[in-house]
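This report refers to the structure that appears directly beneath it.
The values are calculated or read from the model by the stated rules, or taken from the named source; none is laboratory data. On a predicted model such as this, the values are computed, not experimentally measured, just so you know. Neighbour counts run over all protein chains shown; Cβ positions are idealised from the backbone, glycine included. Ligands, DNA and RNA are excluded from the accessible area calculation, which covers all protein heavy atoms including side chains. Shrake-Rupley method; radii C 1.70, N 1.55, O 1.52, S 1.80 Å.
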Amino acid sequence: MSLTDRAIGQIRELIRSGALPPGAKLPPEPELAAQLGLSRNLAREAVKALAVARVLEVRRGDGTYVTSLQPSLLLEGLGGAVELLQSDTGALLDLMEVRRLLEPLATGLAAARITDDQLAEVKGHLDAMREASDDVERLNVHDAAFHRSVVAATGNESLLTLLEGISGRTLGARIWRGQLDDQSAGRTLAEHEAIYNALRTRDAAVSQAAALLHVSNTEHWLREHLRSNPAQA
């Protein structure tokens with residue numbers, strides 16, 4: 001472990017222990033360095049690293065504060081990391097697999113918790129998908145919004161952030177499928193209608209099954225296409 005990593009660990013421990021709760025202002029750099037037994041340079045580097053990770057916020061002319069530490073903030077970097085993996089075919093298939101493992105369970109959970117207003121939002125995205133059925137890119141943008149609104153209905157912010165970081169970054173592969181398979185738009189709409197209808201009845205098991213069928217079909221198509229057309233990988 002480098003000296004900088006140790007310095008980061010010391011500040012994180014202050015936050016974890018509650019000595020620096022969310023929203024707290026850190027001591028000035030010289031005081032912080034002395035408190036932790038660090039050089040000012042190490043303290044500065046640790047603060048910079050934690051600011052990049054959204055644990056700390058540096059406010060010019062005011063000081064450095066602990067952020068809200070909300071999942072949506074701390075896990076935000078996941079999407080950027082996942083995005084960098086998309087040039088790797090194996091990593092993309094792994095992400096599709098993770099989506100298949102998580103999203104159907106989230107959809108089943110949403111069925112038990114979704115409100116009438118949230119259900120109306122899901123239907124709005126489904127209607128927008130129908131209107132965009134001849135435009136692959138628009139269709140898939142509304143597709144992603146449909147799934148986000150479903151997962152948001154779980155009320156689980158950590159789950160929403162994780163899935164948005166993973167499934168949101170598979171959007172390119174789904175657009176690619178629509179461009180290569182002229183039957184995919186019809187199938188995609190039918191599968192989303194099945195998910196919506198299951199959510200409307202608040203049936204968790206059927207909602208989970210409908211989502212599993214949809215995500216599995218997308219993953220299966222991608223695996224088979226890459227296997228048959230390795231040059232396109």
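I'd like to check something: does segment 184-205 contain any residue that is part of a helix (DSSP H, G or I), touching a Phe, Trp or Tyr at 6+ places or on another chain (Cβ under 9 Å) and either at pLDDT below 90 or within 22 Å of Gln70 (Cβ to Cβ) (or both)? Yes, segment 184-205 has at least one match.
With a requirement of 3 or more residues that are among the aliphatic types (A, V, I, L, M) and either modelled with pLDDT under 90 or surrounded by fewer than 13 Cβ atoms within 10 Å (Cβ to Cβ) (or both), the helices (runs of 4 or more DSSP H) lying completely within segment 1-101 that satisfy it span 77-85. Among the residues of segment 206-220, those identified as in contact with a helix residue (DSSP H, G or I) (Cβ under 7 Å, 6 or more places away or on another chain), open to solvent by 10 Å² or more (accessible area, probe 1.4 Å) and of a type in the set (Gly, Ala, Ser) are Ala210, Ser216. Of the residues making up segment 124-155, those that are over 16 Å from Leu199 (Cβ atoms) and in contact (Cβ under 8 Å) with a residue 24 or more places away in the chain are Arg130, Ser133, Asp134, Val136, Glu137, Leu139, Asn140, Val141, Ala144.
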